[in-house]
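Here's the structure we're looking at; comments come further down.
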Amino acid sequence: IPFRFVNHHIYVEAKLNGRSFPLLVDTGAVNVITPTVARALGLRVVGDAQVKGAGELTAHAAFTQVANMSLGDVRLRDQLFAVVALEALGEVEGMPFHGIIGYELFKRFVVRVDYPAQTLTLSDAAAWKPDGAGQGVPFIFNGTVPEVAGDIDGVAASFDIDTGSRASVGLNSPFVQRHALRARYRPAIEAVTGWGLGGATRGTVARVKRLRLGTVGVSDVVVDMSSHRFGTLSHSAPAGSIGSGLLK
């Protein structure tokens with residue numbers, strides 16, 4: 001399945017009940033569509049919940065069911081979607097934002113992301129063979145998000161694997177404060193580091209000498225050290241997330 005790589009985000013063309021929409025492929029999320037898409041498809045929307053993401057604001061979510069979702073030759077039936085007003089993210093992305101494909105895809109398939117070729121390959125997990133696929137890194141689930149263990153310059157840390165993040169490495173504010181990381185690295189730049197469901201994300205950008213994920217090491221990695229007091233970037237665990245900036 002071909003994808004577009006925009007702002008370090010993976011967009012695939014998906015058909016929802018026969019209509020095409022570019023949707024963000026995000027290991028850090030569940031299936032989401034916007035109210036605009038729900039209205040265009042004539043879907044019944046029910047429920048009311050509060051959701052949080054990157055940024056410090058909260059948003060309301062409702063829920064709906066899409067009878068048919070197609071990705072290339074793959075067909076998925078009766079898919080649950082959250083409905084969240086994310087249309088404003090289009091102003092950040094530079095393209096209309098319609099929604100997200102998340103955990104519901106990854107729990108059903110082995111998904112290979114080829115960033116240089118800009119393709120996703122979906123494989124039946126029962127038939128897939130790991131031989132030659134690369135170095136395995138064990139993970140556990142943080143809710144529905146894969147979480148791996150590693151370290152930053154010898155400081156033990158755990159990380160969500162989040163293709164919905166543009167960053168190479170994002171570090172949550174409690175981890176940054178606990179290990180006094182802002183004082184440890186120079187140069188360091190204060191910046192708006194991204195934008196998510198909760199609005200702008202802010203923090204300190206610096207470069208670490210060595211990042212380790214399982215037995216895999218990467219040198220000279222740029223990290224975003226959050227300064228947030230609210231939202232997912234203020235969570236005490238995990239230490240942070242690995243985004244497409246590094247995964248690519």
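The values are calculated or read from the model by the stated rules, or taken from the named source; none is laboratory data. Here the structure is a predicted model, which means the values were calculated and not measured. As a convention, Cβ positions derive from the backbone with ideal geometry for all residues, glycine included, and neighbour counts pool all protein chains shown. Heavy atoms of the whole protein, side chains included, go into the accessibility calculation; ligands, DNA and RNA do not. Shrake-Rupley method; radii C 1.70, N 1.55, O 1.52, S 1.80 Å.
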Give segment 20-47 a look and list any residue that's open to solvent by less than 60 Å² (accessible area, probe 1.4 Å) and of a type in the set (A, V, I, L, M), or say none.
Leu23, Leu24, Val25, Ala29, Val30, Val32, Ile33, Val37, Ala38, Ala40, Leu41, Leu43
Subset of segment 1-46 (residues that are small (Gly, Ala, Ser), modelled with pLDDT of 95 or more and touching a strand residue (DSSP E or B) at 6+ places or on another chain (Cβ under 6 Å)):
Ala14, Ser20, Ala38
Name the one entry in Ala85, Ala149 that is open to solvent by 60 Å² or more (accessible area, probe 1.4 Å), within 18 Å of the chain's Cα centre (by Cα) and at pLDDT 95 or above.
Ala149
The lone condition Gln50 fails out of (1) among the polar types (S, T, N, Q); (2) open to solvent by 20 Å² or more (accessible area, probe 1.4 Å); (3) closer than 17 Å to Ile10 by Cβ is (3)
Looking at segment 161-212, which of its residues are outside any loop (DSSP other than H, G, I, E, B), aromatic (Phe, Trp, Tyr) and open to solvent by less than 40 Å² (accessible area, probe 1.4 Å)?
Phe175
Scan (1) in contact with a Leu (Cβ under 7 Å, 6 or more places away or on another chain); (2) open to solvent by less than 20 Å² (accessible area, probe 1.4 Å); (3) closer than 17 Å to Leu197 by Cβ for the single condition Val66 breaks and write down its number.
(3)
So how many residues does segment 91-110 have that are part of a loop (DSSP other than H, G, I, E, B) and not aromatic (Phe, Trp, Tyr)?
7
For residues that are open to solvent by less than 30 Å² (accessible area, probe 1.4 Å) and of a type outside the set (A, V, I, L, M, F, W, C), tally how many sit in segment 105-129.
1
Do the conditions hold for Ala239, that is, is it closer than 25 Å to Asp26 by Cα and modelled with pLDDT under 90?
no
In segment 112-135, what residues are in contact (Cβ under 8 Å) with a residue 40 or more places away in the chain and in contact with a Ser or Thr (Cβ under 9 Å, 6 or more places away or on another chain)?
Val113, Tyr115, Gln135
State which residue pairs qualify: first residue part of a loop (DSSP other than H, G, I, E, B) and inside segment 138-158, second residue surrounded by fewer than 17 Cβ atoms within 10 Å (Cβ to Cβ) in any location, beta carbons under 7 Å apart, and separation of 6 or more residues or different chains.
Pro138/Gly214; Asp153/Lys209; Asp153/Arg210
